[in-house]
1. Give me Val99, Val57 ranked fewest to most by other Cβ atoms within 10 Å of their Cβ, as a rough exposure proxy.
2. Taking a 29 Å limit on the Cα-Cα distance, which of the listed pairs Lys6/Lys71; Lys42/Lys100; Lys6/Lys87 fall beyond it?
Amino acid sequence: MASLNKVFLMGNLTRDPELRYTPQGAAVVNLGLAVNRYYKDKSGQNQQDTCFINVAVWGQMAEVCNQYLQKGRQIIVEGRLQSRNWKDNEGKNRTTIEVKADNVQFMPNRAKEEAKEVDLGEAPAGFTGAEHNASTESNEEQGEVN
């Protein structure tokens, strides 16, 4: 049975990035993203719907996002949906669904600017990303974020 878990979102940051590090030293930044949808209702009136989405960015891209992004900045996120479970302070089971970003593209601040690409360098020889994804996923599942 085939399945696909891939999202592409373009929106504006609702808050400044929140950078933290796991006990193992992995960087993770949490972003709040507002995505708007414009449409006309049955009476022909223009309407706007806003969806607020949490995005988790890991590794060096997290540090770059923390350095260059701020509230209001428009970005494009490519990633996948991921659910997390935890117990709150009252011991109740809680669940959330967020986007785990694979790629974040910074959009220009002004119409004249071009989208800026940040060079993260080359991956070490033999690095496929699978090792990184497996280790960060286990950190996420265990809630090991400072």
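Coordinate-derived values only; no laboratory data. Because the structure is a prediction, the values reported are computed rather than measured. Note that each Cβ is placed from the backbone with ideal geometry, even for glycine, and that neighbours are counted across all protein chains shown.
1. On the way: Val99 21, Val57 27.
Result, fewest neighbours first: Val99, Val57.
2. Working: Lys6/Lys71 25 Å; Lys42/Lys100 36 Å; Lys6/Lys87 27 Å.
Going by Cα-Cα distance, Lys42/Lys100 fall outside the 29 Å limit.
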